[in-house]
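Written below as structure tokens is the structure these notes are about.
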Amino acid sequence: MNKLNVKMNVSVKLIVFGLILCGVFSCKTEQKKEITETKPNLLFIFADQYRQASLGFLKEDPVHTPNLDQLAKEGVFFSEAVSNNPLCSPYRAMLMTGRYSLSTGVVENCNSQRTALGNYLKKDEVCISDVLVDNGYSAGYVGKWHLDGPEPTPPEVKRVWDTWCPPDQRHGFSFWYAYGTHNRHNVPYYWTTNAKEDEKTYIKKWSAEHEADIIIDYLDNSKSQRKEENPFVLFWSINPPHTPFKQVPERYRKRYEGMDFKDVLNRPNVQFNDNYELKRGDHGVEKRLDQATDYFASVNGVDDQIGRVIKKLKEAGLYENTIIVFSADHGEMLGSQGLMHKNVWFKEAYKIPLIVHYPKKVKPKTDDILLSVPDYMPTLLGLMGLETKIPDVVEGENYANLFFDKPVNRPEKQLYFGGKSFASKGDARGFRTKDFTYAVVKHESGEKFHYLYYDAEDPYQMKNIWGEDPALDNKMKTELAELLTSMNDPW
């Protein structure tokens, strides 16, 4: 009997101990569950030089983007998003700080000949990553950064574009797999979190695919790249479809086999003569126009790699509680208006994709609000329940209420800023409304050229109507002056 009692006592103690352990683990599980439920993760993906027309569901460019199409179907698609300063570095500075180019000082792309002018992201700026880290997030950055100023060089010396970003200038990103800027899609290199300036990691793989591998590994967290108990914010900056367009895997080219640029450039503002050359000047167009199929192949490839990451989010049980954003730093002209590339006010360069996917809390819809890049930071912080943490210096607006069909003060204009370094006298300013696009280009001589398009009736901006209606011209000039004055722009 005594032995039986002893056994029973031991069994009871084991059961009680087991219940205590279960309670402890249950408590920890509940705490972890509470953290992930109250604080959503954020995955912000932006592709370089990806124009809005290259979203497949819009049925404009001949592209295949099933993963982004599904994100838009399940999320909020902002149909009128623009890049206010459609160039790599200025966009990134606005995205990170919620401030316009004149305020950040990043008015052009960062390189060694602009560093002395202050054209780089300052260490004392408060970025969205800083705010999120201060509020319990693990932060990671993968891909192209292009916000640092290389060691200054004089104008007669060849400019330096890429540079290492020291850890104390990474604005809270504790996981780092990035580079400043380079155009090496097939053989990229990166600086890892703890790498020194002379310790680059070279990769022989298409950059978008390799970065997807890195992000999948980050989500697995088998190497403890982030704090498992914390929510995460991860920025993924994909260089393709940026030039060089030809650097794209052959498997994505196959979709366009047997086609050339005349078959895929279907926008009416790309006009050819009998010799298949553009009617307006060269502007570098002939050098790359025949690579249009490669641009679209890269778009297809970017979508494929985003699909891999989304699949991993689902497998890891992170999908429901992760806000996924897809956007771009600017678009690509691809021969429209007789131009290539970016940094102009025409739609192909100015309008960008913007999809916010958070079906756990936000119903799908399309919204035509005139959103600007500095609005992203405060709006995302508002969506994440951190509206009280938005820094006072932020110039963008928090439009998070529109996700929940609550009223917001919808802006009437979107700034266009065509910057030159502060040492130059020539640059451009303008704005866009629901009906019009207006831009003024000021040459270094001081002469001004005006461009006005009635987008509501001329969606491809085929006709400059400046000079046809003096009253309308004066209205545009007055409104631009008021806008720039409100932003303390001395232009």
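Rule-based calculations on the coordinates, nothing more; no lab input. None of the values given here were measured: they were computed from a predicted structure. Neighbour counts run over all protein chains shown; Cβ positions are idealised from the backbone, glycine included.
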Average Cα contact separation per residue, the range 394-466, under 8 Å, 6 or more apart, as relative contact order %: 19
Kyte-Doolittle mean at least 1.6 and Cα axial length at least 27 Å: DSSP H helices in the chain: none
Between the range 97-164 and the range 172-213, the alpha-carbon center distance in angstrom: 17
Net charge, Ala428 excluded, C-beta distance under 11 Å - Lys, Arg +1, Asp, Glu -1: +3
Charge dipole (debye, nearest 20) of the range 425-491; +1 at Cβ of Lys and Arg, -1 at Cβ of Asp and Glu: 180
Reachable aspartates and glutamates from Lys475, criterion Cα separation under 15 angstrom, eight or more residues apart if same chain: Glu412, Asp435
Net charge of Cβ neighbours under 12 Å - reference Asp260; Lys, Arg +1; Asp, Glu -1: -3
Packing rank of 134-143, 389-398, 75-84, where each peptide gets the mean count of other beta carbons within 10 Å, highest leading: 75-84, 134-143, 389-398
Val76 long-range amide H proximity, modeled H, under 5 Å: Val356, His357, Tyr358, Lys365
For the range 38-406, Kirkwood radius (reciprocal of mean inverse C-alpha pair distance, Å): 20.8
Karplus-derived HN-Hα couplings along the range 133-140 (A = 6.51, B = -1.76, C = 1.60, θ = phi - 60°), whole Hz, x at Gly and Pro: 5, 5, 10, x, 8, 8, 10, x
